[in-house]
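Let me begin by presenting the structure, written as structure tokens, before commenting on it.
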Amino acid sequence: MKDREFDDDEIDYLRSLPAVNSVGRNRIRYTDQFREYCMQRYRAGDSPTGIFRDVGLDPSLIGYKRIERCVDRWKTSAIKSVTGSGNMSDSEII
């Protein structure tokens, strides 16, 4: 299923958030600082939706699946940067 498109008001709102680098009709790019902040809180045990919600990225606006995919992608990227591969579990991430 394709992500829904954002309308003009939603795009304006998302662009106003410090966590957002850029927004298109169906894509959000987040700042490096937000990605690091998100992963730090995630490793500390916070829920992805709670982290996003705390910075103004309401899951009902951007989508729960989009949040899930972002966190998974960032987690995999962090694992690969540490080990050179994606073969670590969540509990092994330092």
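The values are calculated or read from the model by the stated rules, or taken from the named source; none is laboratory data. What you see is a predicted model; the values in this text were computed from it and never measured. These area figures cover heavy atoms from the full protein model, side chains too; ligands, DNA and RNA do not enter into them. Shrake-Rupley method; radii C 1.70, N 1.55, O 1.52, S 1.80 Å.
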Problem set entry | Sequence of ASP58, ASP9 from largest to smallest accessible area, 1.4 Å probe | ASP9, ASP58
Exercise. Can you list the residues, at least 5 places off or on another chain, whose amide H is less than 5 Å from the amide H of ASN21, using H built in the peptide plane?
Worked result: ARG29, TYR30, THR31
